[in-house]
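Structure first, commentary second.
The values are calculated or read from the model by the stated rules, or taken from the named source; none is laboratory data. Owing to the predicted nature of the structure, the values given are computational and were not obtained by experimental measurement. Cβ placement follows ideal geometry from the backbone for every residue including glycine, while neighbour counts extend to all protein chains displayed. Note: accessible area is taken over every heavy atom of the protein model, side chains too, but ligands, DNA and RNA are not part of it. Shrake-Rupley method; radii C 1.70, N 1.55, O 1.52, S 1.80 Å.
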Amino acid sequence: MAAPIDELIDGCLEALRFEPELTVSQWADAHRMLSGKASAEPGPWRTERTPYLKEIMDELSTTSAVQRVVLMAGAQLGKTEAGSNWLGYVIAHAGGPMLMVQPTVDMAKRLSKQRLESLISETPCLSEKIAPARSRDSGNTMFAKEWAGGMMILTGANSATGLRSAPCRHIFLDEVDAFPTDVDGEGDPVTLAERRSTTFSRRKIFMTSTPTVKEFSRIESEFLLSDQRRYHVPCPCCGVMQWLKWPQLKWEDNEPSTVLYECEHCGERFAESHKTQMLTAGRWISTAPGDRKTAGFHLSSLYSPLGWKSWEEIVEDFLRSKSDAPRLKTWVNTVLGETWEEDYASKVSADGLMARCEHYEPGMLPDKALALTVGVDVQDNRLAISVWAWGREEEGWLIDHQEIYGDPSRPELWKQLDEVVLREWQHGLGVKLRPDVIAIDSGGHFVSEVYQFARERGRQGVIAIKGQSQRGKAPIGKGSKVDVNYRGKTLKNGALLYPVGSDTIKTTLFGRLKHNEPGHGFLHFHMETTAEYFEQLTAEKQVLKYSRGGFPIREWVKKPSARNEALDCLVYAYAALNRMYQKYDRRTIWDQLERRLETGEKAPLRSRKQQPSAAAPGFVSNW
Ligand SMILES: [Zn+2]
């Protein structure tokens, strides 16, 4: 609803009248009421109850020059209320449009109904400004709150439409680690939301979250870019300021009630009863230079005020969850407010792989190599190509990795790929091999170009594939005809598209990358393999996620902004190897391939027309 012009003018005048010195904590102490429904301690808000929240709220005030406030925190610290105080402050004082983003639209709905409605109805200076949601034309709906001089829009990070709303001076991104990495194919929801504020020189962005998995946690990476403030409190024994750390909690065997904190400076141990005084005397100290625009705060539940979460409970929780990885992860995230490092994912590192490169000649097939496959990843401006040799028990050798730059919609680029497809690769035993199967990803923007190449080079082993991220899929599935003519009829000699179980293959390959002994499943890399290649190969990790029902799911996730073509190429080359199993008898395939080498044929795999005798026994060469 558009406000009449005189209302708008009134709103502007009111916005000009607000006291610029007022901070969020001052506003909250003066006006904020905590409801009996939502709070364990109903009544007027008192910042002194949670002194560590004061500076966080005050950096959100119009008096502060900071543009972004990042809060990485555990549970039971009052961070939700600090956020509500900011919302109230914006409505009452700061004005200007505001965007409030929750992980999902459903959660935004819940926040609107539960937190926001009670914030407004129980704080008189806010209910004066915003009419109840039920009255007609009140400017107060589930996803939009209007008042004279400002408005607030609520949305979910899973809605690109919601994030594309009007310009906003204040942006509140709540629980960012639960945001999707991509929204409706339009990219990162945080970037989309932040873009709304670029026209405001005095903007504020407030980002909060409980962190999740190391390297995939958005709140942690934002915190690391910030000035990394830690709340320092004085030791009751020696007075030295320090921030509270989990390893300093000491207790007698399985007796959480005996817990004490050991001062890092004097070594004395003290009880939690000192906490109230310590918190009052505490102050935030930055531990990094940061970018000067971002104030970052980290808080663990060790700071939770007396009467909320006690050190004893924290130790109890730890003892209960320490031997169960998913529970321990939750404890680390929600109590320590820290990220969780996945054991199995951390074992494969780019440096570790680089260190075990071997002396064999790139481009040359080792003596034990029996088959050759190629994986091709199609990007908008290039093709990434990996050539892999395979031996018995799927021992693999990286033979070549290259990128060909060019426009995949132009034939020139595919002519260059042809040189790789048709190339005869020198084998250590003196013979030459052409690639057996070349798998090209059709999941990008050049589907018809990939189909066309697969159709034209089908006899040389080129296939079109499409990765499937669902768990439990076969490495490669049954091919289906995809080429259609202008009447929509499937072409008889058209290209086949093979579904590839990317998730399955990645799990297999990452297990193998951890192998240290050559042999079964071992993957070899030559000395000329670059650091960039290994960075790409390890750009994804399997992480633990929780479904809506709360059960853990392992999912492959790419590090933000990282390239991963080397990994994709390996996945496709491995899918190509699995395509060979569809053609050979799996029990005898390696014997057959060995015989193929011994017969000394120069290029065993090619079309019947070109070289009819080329195919090894049992080998069907119509692909
Ligand atoms: Zn001390």
Lys/Arg +1, Asp/Glu -1 at C-beta; the chain dipole; positive extreme among Tyr261, Val543, Ser321:
Val543
To test your reading of the geometry: what angle, between 0 and 90 degrees and rounded to tens, separates the Cα axis of helix 311-321 from the longest principal axis of the chain?
20 degrees
Once you charge only the Cβ atoms, +1 for Lys and Arg and -1 for Asp and Glu, what is the size of the charge dipole of the chain about its Cα centre, to the nearest 20 debye?
2120 debye
Report, in debye and to the nearest 20, how large the dipole of region 251-377 comes out about its Cα centre when Lys and Arg carry +1 and Asp and Glu carry -1 on their Cβ.
500 debye
For a quick check of understanding: with a 1.4 angstrom probe and all protein chains in place, what accessible area in square angstrom does Glu419 have, to the nearest ten?
130 Å²
Using Cα-Cα distances under 8 Å and only pairs 6 or more residues apart, what relative contact order does region 274-411 have, in percent?
14 percent
For the modelled label position 7 Å from the Cα of Lys481 along Cα-to-Cβ, which residues of region 491-513 have backbone nitrogen atoms closer than 11 Å?
491-496
Find which of Gly337, Trp388, Met354 sits farthest along the positive direction of the dipole of region 333-408, computed with +1 on the beta-carbon of Lys and Arg, -1 on that of Asp and Glu, about the Cα centre.
Trp388
Angle check, please: helix 411-422 long axis (alpha carbons) against the longest principal axis of the chain (alpha carbons), in degrees 0 to 90, nearest 10.
60 degrees
Check cross-link reach from Lys54 to the aspartates and glutamates: straight Cα distance under 12 Å, and skip same-chain residues fewer than eight apart.
Asp29, Glu81
Please report the base-10 log of the normalised intensity I(q)/I(0) for the chain, using a Debye sum with one equal scatterer per alpha carbon and no solvent, at each q in 0.06, 0.10 (1/Å).
-0.46, -0.95
Highest average packing first - 292-304, 183-195, Cβ atoms within 10 Å
292-304, 183-195
Can you give me the angle between helix 5-17 and the longest principal axis of the chain, using Cα atoms only, in degrees from 0 to 90, rounded to the nearest 10?
70 degrees
Between region 491-544 and region 208-283, what's the alpha-carbon centroid distance in Å?
42 Å
Region 108-193 - percent relative contact order, Cα under 8 Å, separation 6 or more:
19 percent
What is the chain's relative contact order, in percent, from Cα pairs under 8 angstrom and six or more apart in sequence?
11 percent
Carbon plus sulfur fraction of accessible area for the chain, probe 1.4 Å, in percent
50 percent
Is there a quick way to get the dipole size of region 159-228? I mean about its Cα centre, with the Cβ of Lys and Arg at +1 and of Asp and Glu at -1; what is the value in debye to the nearest 20?
520 debye
Report the far tail of the P(r) of region 178-263, meaning the percent of Cα-Cα pairs longer than 15 Å.
75 percent
Among Lys79/Lys559; Lys329/Lys514; Lys113/Lys214; Lys79/Lys329; Lys466/Lys506, the pairs whose Cα-Cα distance exceeds 26 Å are Lys79/Lys559; Lys113/Lys214
Separation between Cα centres of region 337-410 and region 428-483, rounded to whole Å:
17 Å
Rolling a 1.4 angstrom probe over the protein chains, ignoring ligands and nucleic acids, what is the accessible area of Ile438 in square angstrom, nearest 10?
0 Å²
Residues of the chain: accessible area per residue at 1.4 Å, in Å²?
46 Å²
Amide H proximity to Val462 below 5 Å, modelled H, separation 5+ or other chain, gives Ile438
Counting only the heavy atoms of the protein chains, how much of His520 is accessible to a 1.4 Å probe, in Å² to the nearest 10?
110 Å²
Which order do the peptides 144-151, 85-92 come out in when sorted by mean C-beta neighbours inside 10 angstrom, highest first?
85-92, 144-151
Looking at Ser112, Thr62, Pro124, which one has the Cα that reaches farthest to the positive end of the dipole of the chain (charges on Cβ: Lys, Arg +1; Asp, Glu -1)?
Ser112
